[in-house]
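Below is one structure, written out as C-alpha cells; the observations come after it.
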Amino acid sequence: MSKPSLLFAAVAAFTLFAVQGPAWSQDVANNADGYGTPLKPEDLLEFFSIPPDGAGLPEGSGAAAQGKEVYAVSCAMCHGPKMESVPATGGPALVGGRGTLTDVPAIKTVESYWPYATTLFDYIKRAMPFHMPGSLTDDQVYAVTAYILAEGGIIEDDDVMNKTTLPKVKMPNADGFVAYPNPDVRRFR
C-alpha cells in the first residue's frame, strides 16, 4: 500500500471511529438498533460456577440414602449400578482406583482423582444426567453427591451435604495437585 493510500485509510478509520463510535455506543446502550434484548440479572441465573471453596453453593441438602434413589433413576444407566462404569455409554467409573494415579493406566474416578467435593456438585448440577443436564433439583444434586462420596468411603453414609458441609469434605487426592497461579480465573455467579 502506498503512503498516500495508507494515510487516507488511517484518516478514514479515525473519522469513522470519531464520528460513529459515540453514536454507536449510545445505540447499543439504548438497544436502538432493535437487535437482542437487554440482560437482567435473572437471565444469568442458569450460568454459574462453583469454585473449590463452595462460594455460590445453593440452599438445600441431601444425604446418601436419598442420593441412592436419584442415582438409580438418573445415573446408573450410564455409570452402572455400583458406579463401576458402563463402557458402552461412555459413563466412567465414579469410585475405586484410589492409589492408582501413578499406575499405567491410572484409574481416575471421583474417589481417586478429584481434588474438591464442590467440583462434583458443580459438574452434576450443570452436566448430569447426560440426557437431561440441569434437570436435577439442588436437593437431588446434594443427595447424589453425598451418595457418590459415601460409596467412595470419603464421607459417612449418614452425612448430610449442603452449602456448609460440602466444602469441608477432604478428598483423597486433595493434595495431589500443584497450584498454578495463572490464568486469572474469576468467579461468576
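The values are calculated or read from the model by the stated rules, or taken from the named source; none is laboratory data. What you are looking at is a predicted structure, and each value in this text was computed from that prediction instead of being measured. Cβ placement follows ideal geometry from the backbone for every residue including glycine, while neighbour counts extend to all protein chains displayed. Areas reflect the complete protein model, heavy atoms only, side chains present, ligands, DNA and RNA absent. Shrake-Rupley method; radii C 1.70, N 1.55, O 1.52, S 1.80 Å.
What to note about this one:
- Members of segment 100-110 found to be within 20 Å of Met77 (Cα to Cα) and surrounded by fewer than 17 Cβ atoms within 10 Å (Cβ to Cβ), listed by number: Lys108
Listed here are the residues, each with its yes/no results for (1) at pLDDT 80 or above; (2) open to solvent by 70 Å² or more (accessible area, probe 1.4 Å); (3) not hydrophobic (A, V, I, L, M, F, W, C).
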position: Ser2; (1), (2), (3): no, no, yes
position: Leu6; (1), (2), (3): no, yes, no
position: Gly56; (1), (2), (3): yes, no, yes
position: Ser85; (1), (2), (3): yes, no, yes
position: Leu94; (1), (2), (3): yes, no, no
position: Arg98; (1), (2), (3): yes, yes, yes
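- For segment 61-83, filtering for residues that are in contact with a helix residue (DSSP H, G or I) (Cβ under 8 Å, 6 or more places away or on another chain), open to solvent by less than 30 Å² (accessible area, probe 1.4 Å) and part of a loop (DSSP other than H, G, I, E, B) leaves 2.
- Segment 111-133, residues that are open to solvent by less than 10 Å² (accessible area, probe 1.4 Å) and in contact with a Gly (Cβ under 6 Å, 6 or more places away or on another chain): Ser112, Thr118
- Candidates Asp138, Asp184, Asp157: the one that is within 19 Å of the chain's Cα centre (by Cα) and modelled with pLDDT of 95 or more is Asp138.
- So Thr145, is it among the hydroxyl-bearing types (Ser, Thr, Tyr), under 17 Å from the mean Cα position of the chain (by Cα), under 28 Å from Ala179 (Cα atoms) and surrounded by 15 or more Cβ atoms within 10 Å (Cβ to Cβ): yes
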